[in-house]
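Structure first, commentary second.
The values are calculated or read from the model by the stated rules, or taken from the named source; none is laboratory data. No experiment lies behind these values; they were computed from the predicted model shown. Using ideal geometry, Cβ is built from the backbone for each residue, glycine included, and neighbour counts are taken over all protein chains shown. These area figures cover heavy atoms from the full protein model, side chains too; ligands, DNA and RNA do not enter into them. Shrake-Rupley method; radii C 1.70, N 1.55, O 1.52, S 1.80 Å.
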Amino acid sequence: MVTATQPPADPPVSWARSWHDLGGTEAGAIAPDDHDYALWEKRIDALMLLAFERGLFTVDAMRRALEQLGPGAFETMSYYERWTAALAQNLIEAGVISIDELGARMEAVGARGETYGEAQNPAVAPAADSTASGGSGGSPA
């Protein structure tokens with residue numbers, strides 16, 4: 001029979017917690033409410049499943065990339081923001097995309113607008129800088 005054991009009161013080095021190991025620590029109340037996910041979060045989830053399915057990286061590689069984000073990421077980034085960063089790191093390491101390609105694609109996506117509605121209807125997206133060219137802010141003819 002296998003039984004779980006608790007770490008000793010003064011754990012040896014092998015039991016020491018890393019900064020990302022928050023299990024069992026005081027973190028406040030957790031809201032048990034179900035919520036719908038944002039479209040981008042659903043897309044990140046789908047990309048993760050595809051990457052795992054295609055063998056681009058393993059769950060261990062994902063965990064390593066998440067842990068390498070550092071303590072600040074766990075304090076300032078949401079769950080799916082951390083997944084996005086770790087996914088990008090693993091895809092770069094797997095040679096699926098280069099840093100330059102990723103940067104160019106991020107810039108193109110950012111230019112679409114901040115909301116899904118703006119991305120779908122460029123006419124409502126804010127102009128990049130309508131005063132610099134003296135124009136009305138519309139797209140060039």
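Listed by position, the helices (runs of 4 or more DSSP H) enclosed by region 17-110 that each have at least 3 residues that are out of contact with any Gly (no Cβ under 7 Å at 6 or more places or on another chain) and of a type in the set (D, E, K, R) are 39-53, 59-67, 79-93. Among residues of region 67-104 being among the charged types (D, E, K, R), farther than 17 Å from PHE57 by Cβ and more than 13 Å from the chain's Cα centre (by Cα), the one that is most open to solvent (accessible area, probe 1.4 Å) is GLU75. Pairs are defined by a Cβ separation below 7 Å, a sequence spacing of at least 6 or placement on different chains, a first member in region 63-90 that is of a type in the set (Ser, Thr, Tyr), and a second member that is open to solvent by less than 40 Å² (accessible area, probe 1.4 Å); the pairs so defined are TYR80/GLU41; TYR80/ILE44; THR84/ILE44. Under 22 Å from ARG105 (Cβ atoms), open to solvent by 80 Å² or more (accessible area, probe 1.4 Å) and modelled with pLDDT of 90 or more - does that describe any residue in region 26-41? No, that holds for no residue. Checked against (1) closer than 18 Å to SER18 by Cα; (2) buried (at least 17 other Cβ atoms within 10 Å of the Cβ), MET48 passes all but a single condition, namely (1).
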